[in-house]
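Enquirer: Pasting a structure here, questions to come.
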Amino acid sequence: MTKKTNDDEYRIIPVKNGKVECLIEKIEPIERCRFCVFSRFFRIKGEDVKAPALAFCPRHGDADCIDLSMVESVICGDRKGEGFMSVLNVIS
Ligand code: SF4
């Protein structure tokens, strides 16, 4: 499943050496994005694929497994600078 994203709605964060700049001067491994409530899409070969964390969402329960080594950018819905938030905290 792919979807075009809106730069005004999401942050598009490039992956460098398996890491993303989650917040200013706060680097996180992309594995964190896999389980973060703010991840929306992972860009692979220019296509935006639903983030695995959406598999926990009743509305988006069809997210597929993703090879994180292929991800070029993370499309992140965190616009307030909250940073990583685990889906496990939300569903427990
Ligand atoms: S807020 Fe979450 S999805 Fe966005 S960059 Fe940080 S860890 Fe990744």
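Enquirer: Assuming E21 fulfils every condition listed in (1) more than 10 Å from the ligand (Cβ to nearest atom); (2) at pLDDT 95 or above apart from one, which condition is it?
Expert: Here E21 meets the rest and fails (1).
Enquirer: A further question follows. Give all pairs with beta carbons closer than 9 Å in which a residue from the range 74-88 that is more than 13 Å from E21 (Cα to Cα) and free of Cβ contacts under 8 Å to residues at least 60 places away in the same chain meets a residue that is among the β-branched types (V, I, T) and part of a loop (DSSP other than H, G, I, E, B); count only pairs at least 6 apart in sequence or on separate chains.
Expert: Close Cβ pairs satisfying both conditions: M85/V37; S86/V37; V87/V37.
Enquirer: Applying the selection to the range 65-80, what residues are exposed (fewer than 11 other Cβ atoms within 10 Å of the Cβ) and either more than 14 Å from the ligand (Cβ to nearest atom) or modelled with pLDDT of 95 or more (or both)? Quick ask: steps written out before the conclusion?
Expert: Step one: filter the range 65-80 for residues exposed (fewer than 11 other Cβ atoms within 10 Å of the Cβ), giving 65, 67, 69, 80.
Of everything in the range 65-80, those that are exposed (fewer than 11 other Cβ atoms within 10 Å of the Cβ) and either more than 14 Å from the ligand (Cβ to nearest atom) or modelled with pLDDT of 95 or more (or both) turn out to be C65, D67, S69.
Enquirer: Taking R59, is it among the basic types (K, R) and either part of a strand (DSSP E or B) or modelled with pLDDT of 95 or more (or both)? Write out each step before concluding.
Expert: Working: among the basic types (K, R): yes; either part of a strand (DSSP E or B) or modelled with pLDDT of 95 or more (or both): no.
So R59 does not fit the description; no.
Enquirer: Still on this structure: When the residues of the range 25-51 are narrowed to those that are part of a loop (DSSP other than H, G, I, E, B) and of a type outside the set (D, E), which ends up nearest to G81 (Cα to Cα)? Break it down stepwise before answering.
Expert: First, the residues of the range 25-51 that are part of a loop (DSSP other than H, G, I, E, B): 25, 35, 37-38, 45-46, 51.
Checking the rest, the ones that are also of a type outside the set (D, E) come to 35, 37-38, 45-46, 51.
Numbers: F35: 17, V37: 13, F38: 11, K45: 27, G46: 25, A51: 19 Å.
Of everything passing the filter in the range 25-51, F38 is nearest to G81 (Cα to Cα).
The values are calculated or read from the model by the stated rules, or taken from the named source; none is laboratory data. What you are looking at is a predicted structure, and each value in this text was computed from that prediction instead of being measured. Please note: Cβ atoms are built from the backbone with ideal geometry, for glycine as well, and neighbour counts cover all protein chains shown.
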